[in-house]
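Novice: Handing you this structure, nothing more for now.
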Amino acid sequence: MAISKGGKNIEKARAQVKNETAYQLKDAVELLQKVKFAKFDETVDLTLRLGVDPKHADQMVRGTVVLPHGLGKSKKVLVIASGEKIREAEAAGADFVGGEDMVEKIQKENWTDYDAVISTPDMMRSVGRLGKVLGPRGLSPDPKTGRVTMDVAKAIQEVKAGKVEFRTDKTALVHVPVGKISFTIDKLVDNASTVITSVVKAKPAAAKGKYIKACYLSSTMGPGVSISTAELEAASKA
C-alpha cells in the first residue's frame, strides 16, 4: 500500500526527532516549528505523565491557569444563568447565554459548539442533568475552576484571556494546550512553563515518589518531543 503524502510528511518529521534525547523546553519548541508541515496553524499541546494514582481522590491533580500569551484564538463561552446575570453575561461578551432553554437545547441536541461553560450556583441543579453530555468533553462547570460563580463577568474575562483547565485522566496524564505553532518561541516557552509550574504547585500531599515522570510537547499533526524533566524535578521538590 502506498504511503500518503501526509504519512510521508509525518515520517519525515519524526525522523528529525531523536527519540533517545530529552530536549530543553526551548529546544523542543524550535524543533516542532522546524519540522512542521501542516498547512494550518496547529495547536501545541503539553503532556505530563504524573506519578499519581487517579483512582484515589486524594491523588487527583486538577486546577486552572491563565496562559500569559493566551491560546491564539477566542474561546466560545456558554453561560447558564438566570435573571440579571443573563444580562451581565451578555454585556461581558459571552457567546451564548440562557437558562433552562440552554439546558434543554443541550439535552435534546447534544449541543457542544462552545469551549467553556460557566454557570451561576442557582442553575447547577439543572446543569447537573447535563453530565453525560458535558462530562466526557471536560465541559462541566466546577466551583474549583471558577466556572460556577456569581461573578460571571470575571469568569468570562478569564476564559477569553486564555484560562485553561488541567486535570489528570485515568492514566495519570495531563494534556493542556499552550498556544499555536505560529507563536514566537518565547511565547510558547512562557505558556508551557506557566502550566508546568501550576501542575507542580498542584502536587497532592498523598503523591509519593517521582511526581513528574515524563513531559512531552507536540503539535496537532507533528511528532511528540520529549522534554527533560531535570528542571521539573527540581521545581517539584522546591
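Novice: Which condition does Asp151 not pass, out of (1) without any contact (Cβ under 8 Å) to a residue 12 or more places away in the chain; (2) in contact with a strand residue (DSSP E or B) (Cβ under 9 Å, 6 or more places away or on another chain), if it passes all the others?
Specialist: (2)
Novice: Can you tell me which condition Asp101 does not meet? The list is (1) without any contact (Cβ under 8 Å) to a residue 24 or more places away in the chain; (2) under 22 Å from the mean Cα position of the chain (by Cα), and all the others hold.
Specialist: Failing condition for Asp101: (2).
Novice: Among the listed residues Ala234, Ala172, identify the single one that is modelled with pLDDT under 90, of a type in the set (A, V, I, L, M, F, W, C) and out of contact with any helix residue (DSSP H, G or I) (no Cβ under 7 Å at 6 or more places or on another chain).
Specialist: Details: Ala172 fails: modelled with pLDDT under 90.
Exactly one residue qualifies, and that residue is Ala234.
Novice: Same structure again: What's the total number of residues in the range 25-39 that are touching a residue at least 12 places away in the same chain (Cβ under 8 Å) and open to solvent by 70 Å² or more (accessible area, probe 1.4 Å)? Walk me through how you get there before you give the answer.
Specialist: Step one: of the range 25-39, the residues touching a residue at least 12 places away in the same chain (Cβ under 8 Å) are 25-26, 28-38.
From what's left, open to solvent by 70 Å² or more (accessible area, probe 1.4 Å): 26, 30, 34, 36.
Looking only at that region, the number is 4.
Novice: What's the total number of residues in the range 175-205 that are assigned to a strand (DSSP E or B) and in contact with a His (Cβ under 8 Å, 6 or more places away or on another chain)? Spell out the reasoning first.
Specialist: Let us first name the residues in the range 175-205 that are assigned to a strand (DSSP E or B), namely 175-180.
From the residues that got through so far, the ones that are in contact with a His (Cβ under 8 Å, 6 or more places away or on another chain) too are 179.
Count: 1.
Novice: Oh, and also: Go through the range 64-86 and count every residue that is modelled with pLDDT under 90 and on the phi > 0 side of the Ramachandran plot.
Specialist: Selection size over the range 64-86: 2.
Novice: Which residues, taken from the range 56-75, are open to solvent by 50 Å² or more (accessible area, probe 1.4 Å) and not acidic (Asp, Glu)?
Specialist: His56, Ala57, Met60, Arg62, Val66, Pro68, His69, Gly72, Lys73, Ser74
Novice: Looking only at residues that are part of a helix (DSSP H, G or I) and closer than 25 Å to Asp53 by Cβ in the range 128-174, which one is most open to solvent (accessible area, probe 1.4 Å)?
Specialist: Going through the range 128-174, the residues part of a helix (DSSP H, G or I) turn out to be 128-137, 143-145, 152-161.
If we keep only those that are closer than 25 Å to Asp53 by Cβ as well, we get 131, 135-137, 143-145.
Values: Gly131: 34, Gly135: 39, Pro136: 105, Arg137: 124, Pro143: 92, Lys144: 170, Thr145: 3 Å².
Going through the qualifying residues, I end up with Lys144.
Novice: Of all residues being buried (at least 16 other Cβ atoms within 10 Å of the Cβ) and over 18 Å from the mean Cα position of the chain (by Cα) in the range 175-212, which is modelled with the lowest pLDDT? Just the residue, please.
Specialist: At the first step, the residues of the range 175-212 found to be buried (at least 16 other Cβ atoms within 10 Å of the Cβ) are 176-181, 183, 187-196, 198-200, 202-204, 207, 211-212.
Within this subset, residues satisfying the condition of being over 18 Å from the mean Cα position of the chain (by Cα) are 204, 207, 211.
Working: Pro204: 92, Ala207: 87, Tyr211: 91.
Per the stated criteria, the residue is Ala207.
Novice: Then there is this: Considering (1) closer than 30 Å to Thr184 by Cβ; (2) in contact (Cβ under 8 Å) with a residue 60 or more places away in the chain, say which one Ala89 fails and leave the rest.
Specialist: (1)
Novice: For the range 87-105, state whether one or more residues are at pLDDT below 85 and among the basic types (Lys, Arg). It would help to see each step written out before you state the result.
Specialist: Just the residues of the range 87-105 that are at pLDDT below 85, to begin with: none.
The answer is no, given that none of the residues of the range 87-105 is at pLDDT below 85 and among the basic types (Lys, Arg).
The values are calculated or read from the model by the stated rules, or taken from the named source; none is laboratory data. Here the structure is a predicted model, which is why all the values come from computation and not from measurement. Using ideal geometry, Cβ is built from the backbone for each residue, glycine included, and neighbour counts are taken over all protein chains shown. With ligands, DNA and RNA removed, areas are computed over all heavy atoms of the protein, side chains included. Shrake-Rupley method; radii C 1.70, N 1.55, O 1.52, S 1.80 Å.
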